[in-house]
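The values are calculated or read from the model by the stated rules, or taken from the named source; none is laboratory data. It should be emphasised that the depicted structure is a prediction, and the values quoted were computed from it without experimental measurement. Ideal geometry is used to build each Cβ from the backbone, glycine not excepted, and the neighbour counts take in all protein chains shown. For the accessible areas, the whole protein counts, side chains as well, though only heavy atoms, and no ligand, DNA or RNA atoms are used. Shrake-Rupley method; radii C 1.70, N 1.55, O 1.52, S 1.80 Å.
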Amino acid sequence: PSPHSGTRAHQSSLAPGLHEHWFTGASATLAIGPGDSLFAWVHLDPKNPPTEIMLMWHDGTSWEHRAYWGANTITYGKDNSAGRYPAGPLPPVGRWVQLSVPARAVGLEGATVNGMGFSQVGGRATWDTAGRATASAGK
């Protein structure tokens, strides 16, 4: 699909099983405040949808900050914890959807993020803008 925002997006390969891409050590870090939420835009391939998607954040020390949508088959972290937070069903396929999760749910309030990961089981997903929505943005 065309990017949701700007001129670039990143797309996973079309592959069976778990596949992912990530980065750490970003020089432009993201400070997370109380009440903030984390988001990413995703477009699931309507002909090849994954069964699960997962976002992961790195706080400079660990990856134990994850949220997933869909099936619970990626076994990173402990389910129902900041290390593997169940955020709901898969979003609709074939269109851009903003995923959002409270920073508190993934243990990142007050933390600084320097990396992010994009995981999925099967299928293909295209990812676009990701970041933080501040608690004060709506005030």
Do you know which residues across region 90-109 are part of a loop (DSSP other than H, G, I, E, B) and free of Cβ contacts under 8 Å to residues at least 60 places away in the same chain? Leu90, Pro91, Pro92, Val93, Gly94, Arg95, Gly107
Matching residues, region 60-74, being over 22 Å from Gly123 (Cβ atoms) and crowded, with 21+ Cβ neighbours inside 10 Å: His65
Scanning region 33-59 for residues that are more than 18 Å from Ser81 (Cα to Cα) and in contact with a Phe, Trp or Tyr (Cβ under 7 Å, 6 or more places away or on another chain), which turns out surrounded by the most Cβ atoms within 10 Å (Cβ to Cβ)? Val42
Only one of (1) of a type in the set (Ser, Thr, Tyr); (2) over 20 Å from Arg8 (Cα atoms); (3) in contact with a His (Cβ under 7 Å, 6 or more places away or on another chain) does not apply to Thr126, and that is (2)
Limited to region 41-70, what total is found for residues that are within 18 Å of Leu14 (Cα to Cα) and either assigned to a loop (DSSP other than H, G, I, E, B) or of a type in the set (Lys, Arg) (or both)? 7
Meets criteria (open to solvent by less than 50 Å² (accessible area, probe 1.4 Å) and under 12 Å from the mean Cα position of the chain (by Cα)) for Val113: no
Could you tell me whether region 14-34 includes any residue that is in a loop (DSSP other than H, G, I, E, B), without any contact (Cβ under 8 Å) to a residue 40 or more places away in the chain and aliphatic (A, V, I, L, M)? yes
Condition set farther than 20 Å from Gly6 by Cβ and over 12 Å from the mean Cα position of the chain (by Cα), scope region 116-133, selection most open to solvent (accessible area, probe 1.4 Å): answer is Arg124
State whether the residues of region 79-89 include one that is in a loop (DSSP other than H, G, I, E, B), open to solvent by less than 60 Å² (accessible area, probe 1.4 Å), under 18 Å from Gly131 (Cβ atoms) and of a type outside the set (Ser, Thr, Tyr). no
Could you check region 13-46 and list, in sequence order, the residues that are of a type in the set (Ser, Thr, Tyr) and farther than 23 Å from Asp59 by Cα? Ser13
Residue count, region 1-13 (criterion: assigned to a loop (DSSP other than H, G, I, E, B) and in contact with a Lys or Arg (Cβ under 9 Å, 6 or more places away or on another chain)): 3
Checking the structure you have, find out if any residue of region 11-29 is within 16 Å of the chain's Cα centre (by Cα), buried (at least 18 other Cβ atoms within 10 Å of the Cβ) and of a type in the set (A, V, I, L, M, F, W, C). no
